[in-house]
């Protein structure tokens with residue numbers, strides 16, 4: 001899902017550096033919204049441990065982007081941590097610097113681009129436990145530079161590229177985290193529901 005929001009509705013991400021964008025710059029940006037969700041049978045702490053490690057980013061990124069982590073490991077993830085890496089766009093290497101603006105273990109973390117190809121990029125990763133497993137949500141607010149030319153570029157190829165990247169990410173994660181056995185509480189609830197259905201069917205036939 002891609003939506004467009006006025007920058008005034010997004011605000012300044014918590015923990016981001018003051019002066020990262022002037023108010024005039026904010027008001028002139030066209031902010032796009034991308035949201036993806038994926039359900040896993042694994043627990044939120046297991047998923048969070050994987051996603052919050054920058055060393056795993058290369059695994060979830062298409063090889064065509066030539067992702068390379070610059071910050072030497074091990075990287076201590078916490079609010080205010082700064083991480084550097086490079087990607088390649090159309091064969092051109094670009095430096096990307098990220099600031100961690102929120103970090104709540106096993107629940108969510110968020111990163112803000114300080115330097116990179118976008119005029120604005122804020123990505124929130126959240127993990128919510130449900131009866132069926134853990135729902136992971138990626139929510140990105142981003143803007144392109146170059147005004148009207150950025151808007152045209154978004155329509156022509158940037159939107160498609162992002163869809164491809166997140167589709168690759170989804171397929172890769174399905175291989176890394178194959179569907180696990182149904183948790184005991186869900187299995188028990190399913191068996192109970194099935195028994196009630198069978199009894200109801202028998203009563204209906206008897207009547």
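Residues in region 141-157 that are crowded, with 19+ Cβ neighbours inside 10 Å and either in contact with a helix residue (DSSP H, G or I) (Cβ under 8 Å, 6 or more places away or on another chain) or outside any helix (DSSP H, G or I) (or both): 141, 142, 143, 144.
Within region 158-207, the set of residues being at pLDDT below 65, touching a helix residue (DSSP H, G or I) at 6+ places or on another chain (Cβ under 8 Å) and under 30 Å from residue 67 (Cα atoms) is empty. Can you pull out the residues in region 95-116 that are closer than 15 Å to residue 144 by Cα and crowded, with 16+ Cβ neighbours inside 10 Å? Matches in region 95-116: 96, 112, 113, 114, 116.
Against the conditions (1) within 21 Å of residue 173 (Cβ to Cβ); (2) in contact with a strand residue (DSSP E or B) (Cβ under 7 Å, 6 or more places away or on another chain); (3) at pLDDT 95 or above, where does residue 50 fall short? Just the number, please. So the condition that residue 50 fails would be (2).
The values are calculated or read from the model by the stated rules, or taken from the named source; none is laboratory data. This is a predicted model, so every value here is computed, not measured. So basically every Cβ, Gly included, is an ideal-geometry build from the backbone, and we count neighbours across all protein chains shown.
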